[in-house]
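Quick note: the coordinates plus some simple rules give every number you see, no bench work behind them. These figures come from a predicted structure and were not determined experimentally. Cβ placement follows ideal geometry from the backbone for every residue including glycine, while neighbour counts extend to all protein chains displayed.
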Amino acid sequence: MKTLVATILACASLVTFNQAAAAPIEIKFSHVVAENTPKGQMALKFKELAESALPGQVEVKVYPNSQLFTDSSVLQAMQLGDVEIAAPALSKFQKYTDQLQIFDLPFLFKDINAVDRFQKGPEGQKLLKSMESKLLVGLGYLHNGMKQLTDSNPIRVPADIAGQKYRIMTSDVLQAQFEAVQAIPLKKPFSEVFTLLQTKAIDGQENTWSNTYSKKFFEVQKYATETNHGLLDYMVVTSAEFWYGLSDDVRAKLKAAMDESIAYGNTIALQKDAEDRQKIIDSGKTTVLTLTDAERQQWVDAMKPVWNMFADEIGPDLIGAALEANNQ
Ligand code: SIN
């Protein structure tokens, strides 16, 4: 890895020299969600802050709603140099590292504050570098929120979901999670979810309040069950070639702009989670079901065995560190 980064840095001086007189550096930021989401707002904030910190030196172009790349193609496009920044859900990195699967383990984190502590701690920070051998550099984590189930039928206990077709992100942990309750998981891109629900090709999906509201899934789902069973967060990533090819000054200013944008996005995530839940309830289109402790415990009991299936791939120490974050 050192050799690889050294080679990139060696080329960087040439690139830096060229940057002095050249047109602004174009930074394409591709994502799949709407603009009125934590990620959509964070991307726009990054554009504002980066362009004001480096006037005339960078131009950030934000492409929301899978306009440039879908979630299944963006990381490969980044490796090929076709896009500079993306922030895929943590569930979408499975091809690049086993360790990030930790974030998909059901009922691992007790709430978003525990997630935050883990991500900011040494283990979480190490994970940002876990894909550098694949030329992907993590710049930070961004929250969206905890996931809930939506369905065309009322789902209260695991027996209710048996045989139901559920769209999932491209994660084997999520597949195992739904198989553990006898549902039928289907890995599909985010851009297809609304149509799959509308045409009844699937019965339900799991997502945050913000994604369910902004993509109008609630308009085509009669029920939502507030399970908080899993996490939907993002890693903001860039390509090693792009990042280490920047001058130290530009890289430092972009990193500062990114840190501030992520902090901004995280504040929005907390607000939107509560606001969009309420908007869904107020719409009258979806009935939101809350669970009793006994009902929720049935989900925990059914899904938690999934941890053992992936413990070796993820690393028991990493899982231990995540559990520690619940107790702090
Ligand atoms: C996203 O929030 O980026 C998409 C999540 C999903 O694919 O469900």
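Points to keep in mind about this one:
- For the chain, leaving out every one of the trypsin sites (Lys or Arg not before Pro) that falls in a DSSP loop and has at most 16 other Cβ atoms within 10 Å, the longest unbroken run is 1-94.
- Local charge for residue 313 was computed over the other residues whose Cβ lies under 12 Å away, with Lys and Arg +1 and Asp and Glu -1, and equals -4.
- Under 11 Å from a label point set 7 Å out along the Cα-to-Cβ vector of residue 48, the amide N atoms of segment 21-42 belong to 41-42.
- Set of lysines near residue 304 by C-alpha distance (under 16 Å), chain-local residues within fewer than 8 positions excluded: 110, 147
- Under the simplified labelling scheme, the residue 259-residue 195 pair shows an inter-label distance of 4.3 nm, with each label point 7 Å from Cα along Cα→Cβ.
- Neighbour-count order for 288, 237, fewest beta carbons within 10 angstrom listed first: 288, 237
- Potential lengthening of the chain between residue 165 and residue 287 amounts to 42.0 nm, from the contour at 0.36 nm per residue minus the alpha-carbon distance.
- Two-site FRET efficiency, residue 26 against residue 295, from Cβ-Cβ distance with R₀ of 51 Å, rounded to 0.05: 0.50
- Cβ-Cβ FRET estimate between residue 61 and residue 132, R0 fixed at 35 Å, reported to 0.05: 0.90
- Point-charge dipole on Cβ atoms (K/R +1, D/E -1) for the chain, about Cα centre, debye to 20: 420
- √(5λ) per eigenvalue of the Cα gyration tensor, the chain, largest first, Å: 36, 22, 17
- Between residue 304 and residue 35, the simple spin-label model (points 7 angstrom out along Cα→Cβ) gives 4.5 nm.
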